[in-house]
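Here's the structure, in structure tokens; my notes come after.
The values are calculated or read from the model by the stated rules, or taken from the named source; none is laboratory data. Computed from a predicted structure; not experimentally measured. As a convention, Cβ positions derive from the backbone with ideal geometry for all residues, glycine included, and neighbour counts pool all protein chains shown. Note: areas computed on protein heavy atoms with side chains; ligands, DNA, RNA excluded. Shrake-Rupley method; radii C 1.70, N 1.55, O 1.52, S 1.80 Å.
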Amino acid sequence: MSAREEILAAVRRAVQGAPEVEITRGYRTSRPAEDVVGLFAERVGDYRAVVHVTPAAQVPAKVAELVGGRAMIVPDGLPPEWARAAGGAEPELGAADGVLTGCAVAIAETGTIVLDSGPGQGSRAQTLVPDYHLCVVRADQIVAGVPEAVARLDPSRPLTWISGPSATSDIELNRVEGVHGPRTLEVIVST
């Protein structure tokens, strides 16, 4: 008998005859509706992303201002006014300066943006290869916590969870940005 089998046998003997106990789970599945837009903007900013809280009517002008001549990938499914504001012909993936996307959901508590390759979100490669990512998050897409976000997502879709620009640190904690994705993340929160 292996050590593992001995331990499990001892546990079985110890609980033999013990009554079944129902374990109630009281997991938090939602948070009170606070200022989720403000909290999301604050948390995204904590991750070194640049955040612009902008009225919905001004989003196209803000997109045009921030794109400023970059060769941008513009996935199908974005609102046409955002796509037009991002400029002209779409570059090949390797020649793109950046990507403009929407998102599936955003999480205020963690400052996380979730993409699921749905309309206006592009493919995973389109959001990870360019050095600049401009993401427009509508206020109604922001939820307070992770449980609410997971409830809105389809687990069969490819999910990309973004918490700030791509970054990693070596053993001496020297931060290097842009290794696994865009070095610069800019977020427009459309209110």
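Treating only the Cβ atoms of Lys and Arg (+1) and Asp and Glu (-1) as charged, compute the dipole magnitude of the chain about its Cα centre; round to the nearest 20 debye.
Numbers: 17 positive and 24 negative charges, 61 e Å.
The calculated dipole for the chain is roughly 300 debye.
Per the 1.4 Å probe, what fraction of the accessible area of the chain, in percent, lies on carbon and sulfur atoms?
On the way: 5750 of 10880 Å².
Carbon plus sulfur share of accessible area: 53 percent.
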Helix-only CD estimate at 222 nm, as mean residue ellipticity for the chain, using -39500 (n - 2.57) per DSSP H run (n ≥ 4): -7500 deg cm²/dmol
Read-out Kirkwood radius over Cα pairs in Å, candidates [x] 18.0; [y] 18.7; [z] 17.1; calculated match is [y]
By how many nm would the segment from Ser123 to Glu92 lengthen if fully extended, with 0.36 nm per residue of separation less the alpha-carbon distance? 9.8 nm
Normalising by the residue count of the range 1-107, find the relative contact order in percent from Cα pairs under 8 Å and 6+ residues apart. 21 percent
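Rounded to the nearest 5, what % of DSSP beta bridges with both residues in the range 77-173 are antiparallel? Each step should come with its number before you reach the end.
Numbers: 6 of 12 bridges.
Of those bridges, close to 50 percent are antiparallel.
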Stretch Thr168-Val50 to full length: gain in nm at 0.36 nm per residue minus the Cα-Cα span? 40.6 nm
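Give me the percent of DSSP beta bridges within the chain that run antiparallel, rounded to the nearest 5.
Taking every DSSP beta bridge within the chain, about 30 percent pair in antiparallel fashion.
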Which one, Pro60, Leu185, Leu39, projects farthest toward the positive side of the charge dipole computed for the chain from Cβ point charges (K/R +1, D/E -1)? Leu39
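Counting pairs of alpha carbon atoms under 8 Å apart in space and at least six apart in sequence, what relative contact order in percent does the chain give? Could the numbers behind the result be given before it?
Details: 355 pairs, mean separation 49.7, N = 191.
Value for the chain: 26 percent.
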Most to least packed among 129-140, 106-117, 41-52 [average Cβ atoms within 10 Å]: 106-117, 129-140, 41-52
If you build a Gaussian network model of the chain, linking Cα atoms that sit under 10 Å apart, which residue out of Ala96, Ala57, Ala86 swings the most? Ala57
Place +1 on the Cβ of every Lys and Arg and -1 on the Cβ of every Asp and Glu in the range 88-191, take the dipole about the Cα centre, and give the residue among Gly164, Leu115, Pro91 whose Cα lies farthest towards its positive end. Leu115
Over the chain, average the accessible area per residue using a 1.4 Å probe and give it in Å², no decimals. 57 Å²
